[in-house]
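Each value in this text was obtained by applying a stated rule to the coordinates, not by laboratory testing. Given the structure is predicted, the values throughout are model-derived calculations rather than measurements. Note that we place each Cβ from the backbone using ideal geometry, even for glycine, and neighbour counts take in every protein chain shown.
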Amino acid sequence: MLIREIVWVALGAIRANLLRSFLTTLGIIIGVSAVIAMVALGEGAQRNVEDRLSRMGTNVLTIRADQRRFGGVSTADTEDLEVADAEALRNESGGLLTISPEISSRVQLAYLRWNSNNQVRGVWPEYFGIYNLNVEYGEIFDQGHVQGRRRVAVLGYAVPEALGTPAALLVGKTIQIRGQPFEVIGILEEKGVAGFNRPDEEVFAPTSTAQYRVFGGRARLSSISAQVSSPEAMDQAYGEIDRILRRVHRIRPGEEVDFQIRNSSDLVETFNATAQTFTLLLSGIAGISLLVGGIGIMNIMLVSVTERTREIGVRKALGATRKAILFQFLIEALVLCVMGGVLGVGAGIGGAGVLTRTQGWDTVVSPSIVIAAVLFSAAIGLFFGIWPAQRAAKLDPIDALRYE
């Protein structure tokens, strides 16, 4: 019964000064809302990237050119990747790898009176299987188109709209790609963002055609995509790619290679590490607001002890123990901080929702961070409320009754 009375007295003191209580908790509200919003942004961005990379296709390795180094020092200019490298990987991997070279650049498209600037990718037919790209209308090109340098194109889902023509009606028509006529033989299904590419807005042509008809005979590839037959063969695939490209590029043992091999999991880990660093940094800054809010609560509680000195003296004269007084002021500090934490959680969730609606950013509010924020607020209340509570508990009743 005594504990219930102490709690009601503490809550009554807070209700008696609602505006001051709210202003006291403002630092806690700002700190908690900032932590919730920052963590929600970080987790939303992380899930967004993971979702994008999962659409790239499973077990996909990307090979890019890199600068050759020896002993950590650059020894040669960047060695270009060429179609011959992709052919060697396809022919010498024993069926372990599905290969497609890639050459790409943004160029101008034209059809009738419509124009559009889009990414054009020169690829092999295997590219569509590697990245799970399916045809909605028409068909994809084959190796015969590649070998014959045929001017055929497969358009991403959104390209027909950019060219002002329904997708079904554009199949079989001729469009201009950088001034060269190309027959549209297929339109892809909607894919969305896949990794760092936007296949819905891209145009795909045979690699050989893109090299000699669109990009003016440029032999250098942007990258080579390699799909591994199974996740268990990933390590073997790394070894095969390294072995084959070392032979093709004539890299002696002990020399560093002039190419990079990356997979989607590497990209996820790199992004997650970066996102966690920024989230921790921003959360640390927000945590400073919590500490400042805690100091503000301690100051107000000290003022409250001074204002209520006579009240404390009366309660002690009527038999209140030091523990009862200590408990009362700790309850006040705890309630103030928990209230601030709850309001901060609401403000943080609301702020994350506003960012999603207005800016289009993905946000994910984790229940664990909500619980942690409220518990941390309570811990701040206890920590910064101890000194004022102890000061109130130690007051001499006679001196307190004489205080004016």
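How far, in nm, would the chain grow between Gln180 and Val303 when pulled straight, counting 0.36 nm per residue and subtracting the alpha carbon separation?
Value of the extension gain: 36.2 nm.
How far apart, in nm, are the 7 Å Cα→Cβ label points at Lys394 and Ile295?
Distance between label points: 2.2 nm.
If you stretched the chain out fully between Glu87 and Asp242, how much longer would it get, using 0.36 nm times the residue separation minus the C-alpha to C-alpha distance?
54.3 nm is the gain from fully extending Glu87 to Asp242.
Farthest toward the dipole's positive end in segment 67-257, which of Ala167, Ile241, Ser105, given Cβ charges of +1 (Lys, Arg) and -1 (Asp, Glu) about the Cα centre?
Of the options given, the answer is Ser105.
Provide the FRET efficiency to the nearest 0.05 for the Thr358-Ser222 pair, computing r from the beta carbons and using R0 = 41 Å.
0.70
How much FRET efficiency would the formula 1/(1 + (r/R0)^6) give for Ala233 and Arg47, where r is the Cβ-Cβ distance and R0 is 35 Å, rounded to 0.05?
Step by step, r from the Cβ atoms, then E = 0.80.
Enumerate the lysines that Lys316 could reach by cross-link, defined here as Cα to Cα under 16 Å, with residues fewer than 8 away along the same chain left out.
Lys394
Assign unit charges at the C-beta atoms only (+1 for Lys and Arg, -1 for Asp and Glu), then state the dipole size of segment 67-257 relative to its Cα centre in Debye, rounded to the nearest 20.
Result for segment 67-257 is approximately 780 debye, rounded to the nearest 20.
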